[in-house]
Structures are given as structure tokens and as C-alpha cells.
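No lab work stands behind these numbers, since they all come straight from the coordinates. Since we're looking at a predicted model, the values are computed, not measured. Please note: Cβ atoms are built from the backbone with ideal geometry, for glycine as well, and neighbour counts cover all protein chains shown.
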Amino acid sequence: MGYFTIGIIVLIAVVLVYAWSVYNGLATIKVRIKEAFSGIDVQLKRRVDLIPNLIETVKGYAKHEKEVFENVTKARSSLMKAEGPQEKAASNDMLTNALKSLFAVSENYPDLKASQNFLRLQEELSDTENKIAYSRQFYNSNVRDYNTMLATFPSGVVGRVFGFKDEEFFQTEESERQPVKVKF
């Protein structure tokens, strides 16, 4: 065996080790993306679960606000049925708008604003909003790292050969990037 043959074998071994390393790196980040999306799902589910209690509490004080309750219920149902980052983000935006209307209505009912149950639900919802924002940031950071690997050379070539595809960011509309204002 000559030096040339040994050199070719070493080069092939280095390329294979590199491809293996890139593949494992992409697979690891892909798992992190799934984990991060699951974290968003958990927080959105928590938010969805708080809505019926919030509606019932507000209904007790604001019986004449039927349209607001219907909008919140429709938005909640839409979020429960949503699949994938973009659809969940759009449904989440719709629910955020509906909740803004609900909290605006609550301003007209001083007894409601003083209700301990309402205050507790507002606090839980505010906490959930913060957790959703953190989960979304964690998810998007992982998607950014993954998509960057796919966009750069040579890791992108290796990733595409193995069938890795870009992931979608969890984005909201510009007008929805402000959190729901929960006043105490």
C-alpha cells in the first residue's frame, strides 16, 4: 500500500467522521426543537384550561357581554385544534385579541375587578403568558441554530443529503407581540 492509498483512506475516514458528526448534531437539535415545541404546547394547553374558569367568573358579573364570551370561546377552540407552529401562532394571536376584549370588559365591572377568584385567574394567566414567551424564545433559538446549520457549508450539504429540512419559527403578528395586559 502506498502513501497515496493511505492518504485516500484517511481522507475518506475524515469525511465520514465529519458527516457522522454533522448528522448527530442535526439530529440532536431536531430533538431539542421537538422538546421546545412540546414546551409551547404545554403552556398553550395551560392557557386554554384557564379560559373556561375566567369566562365563568366574568359571566357572573358581566352577563350582558355575550359576544365577548363567544369570541373567547371560538378563539380557545381554534387554539385547541391548531397544528404546527404557524397555525398555533395564528390561533394564539386570535385568543390574545379575544382576551384583550375580555379584560377591557372587566374594567366596567368594579366588583369583578375586586373578586379574589378573578384576581387569581389573572395572575395565573399572566404567569402563563410569561411561560409562553419563554417557551417560544427557547423553541425559536433551537430552530435558528438548526436552520443555520442547514444554511451553512458544508454542514448544510450533509444535512440535505440525509433529508433534513428547515423548520418554521413560532412567530406572531407584529401587533400581537405585546403581552396581554393584566391589571390588578
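What number in nm² do you get for the chain if you take the convex hull of its Cα atoms and divide its surface by four?
Numbers: hull surface 49.1 nm².
With every direction weighted equally, the projected area is 12.3 nm².
Explain nothing, just compute: Karplus ³J(HN,Hα) = 6.51 cos²θ - 1.76 cosθ + 1.60, θ = phi - 60°, for every residue of region 93-104 in order, whole Hz, x for Gly and Pro.
So the J values, rounded to whole Hz, are 4, 4, 5, 4, 4, 5, 5, 4, 5, 4, 5, 5.
Need one number: nm distance between label points at Asp145 and Thr172, each 7 Å from Cα along Cα→Cβ, rounded to one decimal.
My value for the distance between the label points is 2.4 nm.
Arrange the peptides 65-75, 107-117 so that the one whose residues have, on average, the most other Cβ atoms within 10 Å appears first. Provide the component values of the computation, followed by the final result.
On the way: 65-75: 16.5, 107-117: 12.9.
Going by the mean number of other Cβ atoms within 10 Å, highest first, we get 65-75, 107-117.
Calculate, in nm to one decimal, what Lys74 and Glu35 gain on full extension: separation in residues at 0.36 nm each, minus their alpha carbon distance. Write out the running numbers ahead of the final one.
Numbers: separation 39, 0.36 × 39 = 14.04 nm, distance 2.78 nm.
That pair, Lys74 and Glu35, stretches by 11.3 nm at full extension.
Using a cut-off of 13 Å between beta-carbons, work out the net charge of the residues near Val72 (Lys and Arg +1, Asp and Glu -1, Val72 not included). The partial results should precede the final answer.
On the way: positive: Arg47, Lys59, Lys66, Lys74, Arg76, Lys100; negative: Glu56, Glu65, Glu67, Glu70.
Cβ neighbours under 13 Å give a net charge of +2.
Using 0.36 nm per residue, how much length does the chain from Ile6 to Gln116 gain when fully extended, once their Cα-Cα distance is taken away?
Working: separation 110, 0.36 × 110 = 39.60 nm, distance 7.74 nm.
Net length gain for the segment: 31.9 nm.
Taking neighbour Cβ counts within 10 Å as the exposure measure, how do Met149, Met80 sort from fewest upward?
On the way: Met149 17, Met80 14.
Final ranking by Cβ density, sparse to dense: Met80, Met149.
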